[in-house]
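K.L.:
Okay, handing you the structure first.
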Amino acid sequence: MTKEPLQLLYIADPMCSWCYGFGPELEQVLNALPEAELDIMTGGLRAYEKEVLSSEKRSTIMEHWRQVALVSGLPFSDQAMAQTDFVYDTEPACRAVVTAKLVADHLSGRQLLQVFRAIQHAFYAEGRDVTQAQVLTEVCVRSINQLEQGADYDQPSFAETLASPVAMATVQEEFRQCQQWGVRGFPALLMVHDEALHMLTSGYTQAEQILQTIAQVRQS
């Protein structure tokens, strides 16, 4: 009997701090399972937020960031968050991930993860405002071209797709699908097994525990 292919589904938001902190753990999981196929979907943590971030909410979020930094050891910059008119809308960053899928639809899930991480790094480590289309376009096109080893994806074309009704509708559909699956917390890592979805983790979890859970599901 042939072994069922290992399919993982990663549901996250580029502007979710625990998703950022989970990056090294996910990398360990993928390195331990080189045969695993990965798909990425965006969850929309704070999608369509309209209000300017209050000082109270900013303080709460910064406390979360301190916890993530402590656990993960990853760098954080509060430069974007420090803007007095900052609106913590995660939809544009999620739509940028979807746009990368649309313009470079041959990328594997593992490759797309590099684009996802580039957005995270820009926001968390560099303090760039990834709610802005210009920033997202620059970050994503640079990341895609690095993956393609010098391909000539251009920023105007990416920006056009990023602003398109297709990208907006596609990211909305991803949000809806995640809700239908009952995914409420991010990051979430799921596994397809026996034609069913199995939740491996909802929230930050260490790689060792995830690998144990995968082994248990595969034996069931």
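K.L.:
How would you classify segment 30-101 from its alpha-carbon gyration tensor, with a ≥ b ≥ c the square roots of the eigenvalues: rounded for a/c under 1.5, else prolate if a/b is greater than b/c, otherwise oblate? Please list the in-between numbers first.
P.N.:
Working: a/c = 2.91, a/b = 1.43, b/c = 2.04.
Note, shape of segment 30-101 comes out oblate.
K.L.:
Once every Cα of segment 125-220 carries one equal point scatterer and solvent is ignored, give the base-10 log of I(q)/I(0) from the Debye formula at q = 0.19, 0.23, 0.26 Å⁻¹, two decimals.
P.N.:
Debye curve over Cα of segment 125-220, log10 I(q)/I(0) at q = 0.19, 0.23, 0.26 Å⁻¹: -1.02, -1.08, -1.19.
K.L.:
Another question, if that's okay. With runs of 4+ DSSP H residues as the only contributors, calculate the mean residue ellipticity of the chain at 222 nm using -39,500 (n - 2.57) per run, divided by the residue total and rounded to the nearest 500. All intermediate terms of the calculation are to be shown ahead of the outcome.
P.N.:
Working: 8 runs with 111 residues, N = 220.
Per the formula, -16000 deg cm²/dmol.
K.L.:
Quick check for you: with a 1.4 Å probe and neighbouring chains kept, what is the accessible area per residue of the chain, in Å²? Don't skip to the end; give the middle numbers.
P.N.:
Values: 10950 Å² over 220 residues.
Averaged over the residues of the chain, the accessible area is 50 Å².
K.L.:
Assuming R0 = 45 Å, what is the FRET efficiency of K57 and R142, from their Cβ-Cβ distance, to the nearest 0.05?
P.N.:
Efficiency computed from Cβ-Cβ geometry: 0.90.
K.L.:
Now a separate question. Tally up the carbon and sulfur contribution to the accessible surface of segment 1-132 as a whole percent, 1.4 Å probe, everything protein left in place.
P.N.:
51
K.L.:
Residues with amide H under 5 Å of M41's amide H, sequence separation 5 or more or different chain, H placed in the peptide plane at 1.01 Å from N; which?
P.N.:
Amide H neighbours of M41: Y10, I11, A12.
K.L.:
Check the chain for me: any Cys whose beta-carbon has no other cysteine beta-carbon within less than 4.7 Å?
P.N.:
If one checks each Cβ against the other cysteines of the chain, C94, C140, C178 turn up with nothing under 4.7 Å.
The values are calculated or read from the model by the stated rules, or taken from the named source; none is laboratory data. Quick caveat: nothing in here was measured; it's all calculated off a predicted structure. Cβ: placed from backbone, ideal geometry, glycine included. Neighbour counts: every protein chain shown. Accessible surface areas use protein heavy atoms only, side chains included; no ligands, DNA or RNA. Shrake-Rupley method; radii C 1.70, N 1.55, O 1.52, S 1.80 Å.
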